[in-house]
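I have placed the structure first, in the form of structure tokens, so that the comments after it can refer back to it.
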Amino acid sequence: MAFNTTASEWLLKRISDRSEFVGYVVRSLVLPDRFESFDHALDCSHQLIVWYHKNYLHTNLGLLTPAVVHSSAARRNLNQRRVVLEEIYVPHPE
């Protein structure tokens, strides 16, 4: 499947301003020499987005993944982290 350069450029300008990550994915898709086909590009993008959502720890999210934050489990995880840190701090306050 051939890539439409004009559509790709428009999409890149429109989306990459909103999110650095989304811009990266779009830039990857508009480089036709990276993928064997459009379906291959979609498959690779899907794998990257799933990894980013479920495994990537964001410093701006308190080293939580977006999946944890969106599932409302963030408060529980942060409370568990706080309890562990307090347990470690009591015997070693230095």
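The values are calculated or read from the model by the stated rules, or taken from the named source; none is laboratory data. Predicted model only: the values in this text are computed from it and were never measured. A quick note on method: Cβ atoms are made from the backbone with ideal geometry, for glycine too, and the neighbour counts reach across all protein chains shown.
Return a yes/no flag: does region 58-69 have any residue that is modelled with pLDDT of 85 or more, surrounded by fewer than 11 Cβ atoms within 10 Å (Cβ to Cβ) and either among the basic types (Lys, Arg) or within 11 Å of the chain's Cα centre (by Cα) (or both).
no
Is it the case that residue 74 is in contact with a Phe, Trp or Tyr (Cβ under 9 Å, 6 or more places away or on another chain) and hydrophobic (A, V, I, L, M, F, W, C)?
no
Is it true that some residue in region 8-16 is at pLDDT 65 or above, assigned to a helix (DSSP H, G or I) and either under 21 Å from residue 81 (Cα atoms) or not assigned by TED's automatic domain parsing to the domain that holds residue 81 (or both)?
no
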